[in-house]
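Input: a single structure, listed below in structure tokens.
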């Protein structure tokens, strides 16, 4: 999980230095034909990824490749995130949209200087993250982490989550051996026994273990407690942009919705589109991951992107209760379905 709590706290402190206006692209000056006039009306937008391209992002690339953005009068530049995170770039106005996570956004909505961003679409309807371990070593349930080596980012919310599910299962979090580590190759880390358990997103790392023939045990946080069924990832937007250009925001999300709907209906072709955009990716992993996500992007929601406000609020209420927010995050903060098609 690419959690950015520390960078988000820094971002909220330095945002004032970064704020800039974001206007429309300049006209080309060509007005001799309807097609040329249409070119003048193209709105250039910037979308910031949260990480390197992966199947969380497929709908964005499909929308670009299939011409859905063009149909909406948009030209969308997809960029990598800066070191201090995609959220700060969106908050500053240098990008209109970005990919983030509900848990990572908590610092953005807490404290004296909240970041001016709103989650406008849930990319995957339910949380697919959990703890993976080698098969048969007792870590198929939270209590089984006692006495085991867990790869930790050493983040308060992460450790509070592990502690919560362990205690609910009768376990003792203090008996876990915490190994500070950002694991980039889960298969190797588990095979070499450098760690015993890792927090992963199953759609990528879990699928990879299957492809490489590593037998594993896994438990998903959302299956243990509904409070952990938070939205991860989400698409966020700059608040000033939303206020000034709501129809542009709706046009963007309409195109993106079409992209994810295509990925749901045509996972293999969608995977090929992602690999075309990011040829460094393993095509077998991409295609297997797309098959895994095909029925999870929307799942039981009324439409792709829909955010359940009650579920959203429940997670932040838990963070508040555990003292993991600088100031309490009020119900109704930080998300909207208003811009979905």
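Only the coordinates and a few stated rules stand behind these numbers; no lab work does. All values derive from a computational prediction rather than experimental measurement. Methodologically, a virtual Cβ is constructed for each residue, glycine included, from the backbone with ideal geometry; neighbour enumeration extends over all protein chains shown.
Multiply the residue separation of residue 327 and residue 77 by 0.36 nm, subtract the distance between their alpha-carbon atoms, and state the gained length in nm to one decimal.
Taking residue 327 through residue 77 to full extension adds about 86.5 nm, to one decimal.
So what's the angle, to the nearest 10 degrees on a 0 to 90 scale, between helix 267-277 and the longest Cα principal axis of the chain?
Around 70 degrees separate the two axes.
Would you mind giving the three semi-axes, in whole Å and largest first, of the ellipsoid equivalent to the stretch 256-304 according to its Cα gyration tensor?
Values: eigenvalues 83, 25, 10 Å².
Values for the stretch 256-304, descending: 20, 11, 7 Å.
Spin-label point model (7 Å from Cα, Cβ direction): what's the residue 310 to residue 113 distance in nm?
3.8 nm
Please compute the contact order of the stretch 213-341 in relative form: average sequence separation of alpha-carbon pairs under 8 Å and at least six residues apart, divided by the residue count, as a percent. Before the final figure, lay out each step's value.
Numbers: 90 pairs, mean separation 36.2, N = 129.
Computed value for the stretch 213-341: 28 percent relative contact order.
Of the listed peptides 62-75, 169-182, what is their order by residue-averaged count of other C-beta atoms within 10 Å, with the highest listed first?
62-75, 169-182
Springs between alpha-carbon atoms under 10 Å, Gaussian network over the chain: tell me which of 92, 100, 226 tops the mean-square fluctuations.
Comparing 92, 100, 226 in the GNM, the peak value goes to 226.
Calculated FRET efficiency, residue 284 and residue 338, Cβ-Cβ r, R0 25 Å, to nearest 0.05?
The value I calculate is 0.05.
Would you please put 192-204, 318-330 in order of how densely packed they are, using the mean number of other Cβ atoms within 10 angstrom per residue and starting with the highest? Provide the component values of the computation, followed by the final result.
Working: 192-204: 19.6, 318-330: 16.1.
So the order, starting with the most tightly packed, is 192-204, 318-330.
Roughly what would the spin-label model give for residue 182 and residue 223, points 7 Å off Cα along C-beta, in nm?
Result: 2.9 nm between the two label points.
Express in % the proportion of alpha carbon pairs of the chain at distances exceeding 24 Å.
57 percent
Please report how far the C-alpha centroid of the stretch 93-135 lies from that of the stretch 189-268, rounded to the nearest whole angstrom.
For the stretch 93-135 versus the stretch 189-268, the Cα centre distance is 11 Å.
Hey, what does the equivalent ellipsoid look like for the stretch 163-278, semi-axes from the Cα gyration tensor as sqrt of 5 times each eigenvalue, largest first, whole Å?
Numbers: eigenvalues 243, 98, 38 Å².
Whole-Å semi-axes of the equivalent ellipsoid: 35, 22, 14.
With each pseudo-label sitting 7 Å past Cα toward Cβ, what's the residue 84-residue 44 distance in nm, one decimal?
Simple spin-label model gives 2.4 nm for this pair.
How would you rank 247-256, 157-166, highest first, on the average number of other Cβ atoms within 10 Å across their residues? Could you put the intermediate results ahead of the total?
On the way: 247-256: 21.6, 157-166: 19.4.
Output ranking for 247-256, 157-166: 247-256, 157-166.
Of all DSSP beta bridges located in the chain, what percent are antiparallel, nearest 5? Intermediate results must be reported in sequence, preceding the final value.
Working: 20 of 35 bridges.
Looking only at bridges with both residues in the chain, the antiparallel portion is about 55 percent.
Enumerate the residues in the stretch 222-248 having an amide nitrogen under 20 Å from the point lying 7 Å beyond the Cα of residue 211 toward its Cβ.
233
Debye calculation, C-alpha points only, no solvent: report log10 I(q)/I(0) for the stretch 129-228 at q = 0.13 Å⁻¹, in the same order as the q values.
Debye output, listed in q order: -0.39.
How big is Rg to Rh over the stretch 215-300, alpha-carbon atoms, Rh as the Kirkwood inverse-mean-distance radius?
Using only Cα positions, Rg/Rh for the stretch 215-300 is 1.05.
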